[in-house]
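Report on one structure; see the data block that follows.
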Amino acid sequence: MRVRARFTKLGKVRFVSHRDLARIWERALRRADLPVAYSGGFSPRPRFHFGLALSVAHESWAEYLDVDLVDDIDEDTLASLTERFSAVLPMGVDCTAVAVVPSIGGISLQEAVTSSTWSIGLDGGSLDDAAAAVDALLDAQSVFITRERKGKTVNDDIRPYVRSLSLDRSQVGCDRADCAGAGCEHVPDDPGVVLRAEIGTQPRTLRPAELIGALGPMWRERRVVRLAQWIDHEDGRQEPLALPAGPLPWLRTETCAT
Amino acid sequence: MSSVWPRLEPLLSRVERPARYIGCEDGAQTPVHAPHKAAWLLIYPDTYEVGLPNQGLQILYEILNERDDAVAERTYAPWTDLESELRTHRVPLFSLENHLPAGSFDVLGFNLAAELTYTNLLNCVDLAGVPVRVEERREEHPLVIAGGHCTYNPEPLADFVDAFVLGDGEEVVSEINEVVADWKRSGRTEGSRVQVLRRLASVPGVYVPSMYAVTYDGPRLVAIEPRYPDVPARIEKRTIASLEDWPYPRQQLVPLTEVVHDRLNVEVFRGCTRGCRFCQAGMITRPVRERSAEQVRSMVADGLRRSGYDEVALTSLSTADFSGIEAVVGGIMGLDDNITVALPSLRVDAFTVGLAAQLQKARRAGLTFAPEAGTWRMRQVINKLIREEDLYAAVDGAFSSGWRRVKLYFLTGLPTETDEDTLGITELARNCVAIGQRHQKGTSVTVSVGGFVPKPFTPFQWFGQNTVSELERKINLLRNDARKSRGVQLRWHDPKATLIEGLMSRGDRRVGAVIEEVWRNGGTFQEWTEHFRLDRWVDALANAGLSADWYVHRHRTEDEALPWDHVSAGLHKDFLWQDWRDALDAVGLPDCRWTPCYDCGACTGYGIEHVVASAVPPAGGSQGTGQDLSVGHVVPVSLLGRRAAPSEPVEVGST
């Protein structure tokens, strides 16, 4: 049986690396006392798989983990897992949803996910400067950047990866997944420039830092938050695992983020 | 006090491994500060990765936070990249729990486990915004206190540390806290700093260097004496009678980022009676105090459940000597197949390998043994009484049970060492490779060689350390010999760093000027090869008019005043001197738990005896010493739970 968990990475834990997060989950899975499958060999490791990596210092409302279990678990146990995982994860890493997913024939999360939505805070210019930069990038047929790949410097056209890009002038700054919209109380005093971007992840992902670089040399990233990951299908797109509807009053992130 | 987090956060994106500065570990406390609570910042003056696992710091952290009149937070030395950001942006050193400025605490409490961290202590004090020298501090500055093994020669840091604490911290930390909390409640008024230090000087186990006058005669130290009648002439270390009463840490910190010894650690006993003459830890932590097997089992089970670790280390100076070892091992193996048990200080014998085989079902990557010297004569000198056949049996056991690598630790530059002794190291290693080849092709044995540094309160405290060139010569002998030996891989420590470790191990108060100058010239993280530079030390010694020959390479005489004579680890100086003479005669001294008492002073001085969980000698018999345990001995041990009165010795080994 394969179980998929969705979780956050918010606040101080944003400085934890992907590798460290894997170790944190490894311990959490043992503490949650689940019948986790182990790899064989000299160093047996629990069998779990992350989706796309998140850069150190970036935050997220939508990280995913698939865990293979040796025994099936019942509905009640499944329903209790979000709470059980959160209790054994550090502040800022909260499990927000859990579901059973097909383990045979299912493709890996990393292959399945086709795009991510980001909130990208920027320093280095005014709202108008940002609007101009966004328009210039969207108007371009192709936008080449140089980046390192497998030790080689390559020139890549990143324009096809930018599915949407806009300056968030209305709901600036609030990136909570359960944002109440009008009247939202989480807007910071000085949100500065905040972009909303949907970035393609296939065949390889475009990193937010690379997108910022493509906007121009003056821009420096502030708060960067992944809001969602998406899987395309014929009728549109869906999240690997959606959040439960409504506000998330049990989130512990506020205490660690401050 | 307000958090520096908003100012720190933007800097963290620019530094390596920022997760080490955020706190948030499992087991981290959320202390609430208050005017009546003394606020401690516990500091390990090395990187987070090295310092976080330190059990001493974690024990004090919990004990203090359990008190109503104390709070404790932690910090570690920021790496050079963050240090430079902090200095550029004028952000002070901060605590990890609430990210409060270090200077706003009442106490900066350092754990000193290695001499090469001394310059980091100065750097941390400076980053806290506190003057590095004791005499420049005022009432608004925290008290700088240090504990840990290095405090058995406190003198090199005497100008920078307000108070040193000797020995076990579990009890004395509360006594110090009461003095500090009083000081805080009284408003730390003008002139109160010297009073609080005077009060601390009368707490047993606490040494306040500014209350003592030092006299010299040329390069020679004459005496270190109290300036006031109420200040003790001799400071005795603190010793807790029962480890069982202190089952700490109860909630070991589980870091979010990888650290050294990243596993559950459970201390099974403190102290050691083996009497290895080079080993300061074994001498200064006597007597032996064991936990019961039952308590160890429950600490392991609770700790694994709470932490999610899949590895537990049973820690002590020689864990296979723990008298409850088999009971504990049986208990742990019943818990979970995927749990690995580490025995970090393996004894060299087949029993130990059998034990390790039982414990490490999976992951048999490497086993490490520490014969310490290459010939039997040399091992008698250092009193590490391992016979060659014990080592070969252990190595044979390791390779036949599926371990693929064996690592051997040795010291070079030992007293009376000849080239034959030195080359005995590679000889032993070659024989181990040959044994391994009976079981596997391409066997390799890694030999790790360190230069010997004589330490205070050991029989070798009078020995003149080998010079850098002598150590380099010996290492070259080994390198040439190892090159000719298939399967022997040699690693060695830099003799230059060994020299400086020696300088601080046995230096006196005048060495402080050298430490300060090296720090002022940027010499931090000296135990990190990439940051160590000998020329800084050589220049600073010259500027201070001091000589490395005098402090490091000179043999000391029996009548000479030693810089640590005014502190006491409980050991009689005449016992140590006799042991030194015995060493020079290559006479070994068997484990005192199974022989009559040698009156080293550690037990009698504190009215405590070796406290063991079983009257039967540890499984595995003589443990490589060749000592005959088959006949009954009357030995002065107390049994946990039913402590024998000194007049009722326990019959041992008669079953």
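The values are calculated or read from the model by the stated rules, or taken from the named source; none is laboratory data. Note that the structure is predicted; figures quoted are calculated from it, not measured. Reconstructed Cβ throughout: ideal geometry from the backbone, glycine too, with neighbour counts over all protein chains shown. Areas reflect the complete protein model, heavy atoms only, side chains present, ligands, DNA and RNA absent. Shrake-Rupley method; radii C 1.70, N 1.55, O 1.52, S 1.80 Å.
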Taking the Cβ-Cβ separation of A:D135 and B:E16 as r and a Förster radius of 45 Å, what is the calculated FRET efficiency to the nearest 0.05? 0.75
Taking a probe of 1.4 angstrom, what is the accessible area of A:D139 in Å², to the nearest 10? 120 Å²
Within 10 Å of each candidate Cβ there may be at most 14 other Cβ atoms; applying that plus a DSSP loop requirement, which GluC sites (Glu not before Pro) in segment B:145-246 survive? B:E190
Taking a point 7 angstrom from the Cα of B:T30 along the C-beta vector, which residues in segment B:55-83 have backbone N less than 20 Å away? B:61-75
Relative contact order of chain A, please, whole-number percent, based on alpha carbon pairs below 8 angstrom and at least 6 residues apart. 27 percent
Probe 1.4 Å, all protein chains in place: accessible area of B:E136 in Å², nearest 10? 90 Å²
Tell me the label-point distance for the pair B:D68, B:E294, using the 7 Å Cα-to-Cβ offset, in nm and rounded to one decimal. 3.2 nm
Cut-off 20 Å (backbone N to label point 7 Å along Cα→Cβ of B:E139), residues of segment B:89-127: B:103-108
Name the GluC sites (Glu not before Pro) in segment B:485-561 that are in a loop by DSSP and that have at most 10 other C-beta atoms within 10 Å, would you? B:E558
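Which order do you get for A:D123, B:D162 if you rank them by accessible area with a 1.4 Å probe, largest at the top?
A:D123, B:D162
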Gain on full stretching of the segment that runs from A:D232 to A:D72 - 0.36 nm per residue minus C-alpha separation: 54.7 nm
Inter-chain Cβ neighbour average for residues A:218-224, partner chain, 10 Å: 1
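In peptide A:11-22, what is the residue-averaged number of other protein chain Cβ atoms found within 10 Å of each Cβ? Don't jump to the answer; show the numbers that get you there.
On the way: counts 2, 12, 4, 6, 13, 7, 6, 0, 2, 6, 3, 0.
The shielding value for this peptide is 5.
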Under a Gaussian network model of chain A whose springs join Cα atoms within less than 10 Å, the largest fluctuation of A:Q229, A:Q141, A:Q238 belongs to A:Q141
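Leaving out ligands, DNA and RNA, and with a 1.4 Å probe, what % of the accessible surface on the protein assembly as shown is carbon or sulfur?
50 percent
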Angle between chain B longest axis and helix B:192-201 axis [Cα atoms, degrees, rounded to 10]: 20 degrees
Which angle between 0 and 90 degrees, to the nearest 10, do you get for helix B:573-584 versus the longest principal axis of chain B when only C-alpha atoms count? 40 degrees
Using a 10 angstrom cutoff on alpha carbons, build the Gaussian network for chain A and name the most mobile of A:V113, A:V100, A:V224. A:V100
What is the ratio of the Cα radius of gyration of segment B:5-230 to 2.2 N^0.38 Å, where N is its residue count, to two decimals? 1.00
Determine the shielding of peptide B:19-26 by partner chains: average, over its residues, the number of Cβ atoms on other chains within 10 angstrom of each Cβ. 6
Are any of the pairs A:K12/B:K407; A:K12/A:K152; B:K384/B:K474; B:K184/B:K573; B:K37/B:K237; A:K152/B:K407 more than 28 Å apart by Cα-Cα distance, and if so, which? A:K12/B:K407; A:K12/A:K152; B:K184/B:K573; A:K152/B:K407
Accessible-area ranking of A:M1, B:M211, largest first, probe 1.4 Å: A:M1, B:M211
Isolated Cys residues of chain B, judged by Cβ distance under 4.7 Å to other cysteines: B:C24, B:C124, B:C150, B:C272, B:C432, B:C592, B:C597, B:C600, B:C603
Could you sort B:287-297, B:61-71 so that the peptide with the highest average Cβ count within 10 Å comes first and the rest follow in order? B:287-297, B:61-71
Kirkwood hydrodynamic radius, the protein assembly as shown, all distinct C-alpha pairs: what's the number in Å? 30.5 Å
Pair B:N543, B:D599: separation of 7 Å Cα→Cβ label points (nm): 5.0 nm
Among A:A197, A:A245, A:A57, determine the one that fluctuates most according to a GNM of chain A built with springs between C-alpha atoms less than 10 Å apart. A:A245
Debye, to nearest 20: dipole size of the protein assembly as shown, +1 on Lys, Arg Cβ, -1 on Asp, Glu Cβ: 1640 debye
Just how much of A:D33 is accessible, in Å², when a 1.4 Å probe is used and the result is rounded to the nearest 10? 120 Å²
Relative contact order for segment B:5-230: what percent, with Cα pairs under 8 Å and sequence separation of 6 or more? 18 percent
In whole Hz, the Karplus estimates of ³J(HN,Hα) for segment A:111-121 (6.51, -1.76, 1.60; θ = phi - 60°; x where Gly or Pro) are 7, 6, 6, 10, 7, 10, 9, 10, 9, 10, x
Ordering A:Y38, B:Y392 from largest to smallest accessible area (1.4 angstrom probe), what's the sequence? A:Y38, B:Y392
Would you calculate, for chain B, the mean residue ellipticity at 222 nm contributed by helices, counting each DSSP H stretch of 4 or more residues as -39,500 (n - 2.57) and dividing by all residues, to the nearest 500? -9500 deg cm²/dmol
How far apart, in nm, are the 7 Å Cα→Cβ label points at A:S80 and B:A223? 7.2 nm
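Shape verdict for segment B:103-175, please, from the Cα gyration tensor: rounded (a/c under 1.5), prolate (a/b greater than b/c) or oblate.
oblate
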Provide the gained length on full extension for the span B:S174 to B:D559, in nm with one decimal, where the gain is 0.36 nm per separating residue minus the Cα-Cα distance. 134.8 nm
With contacts defined as alpha carbon pairs under 8 Å and 6 or more residues apart, what's the relative contact order of chain B in percent? 14 percent
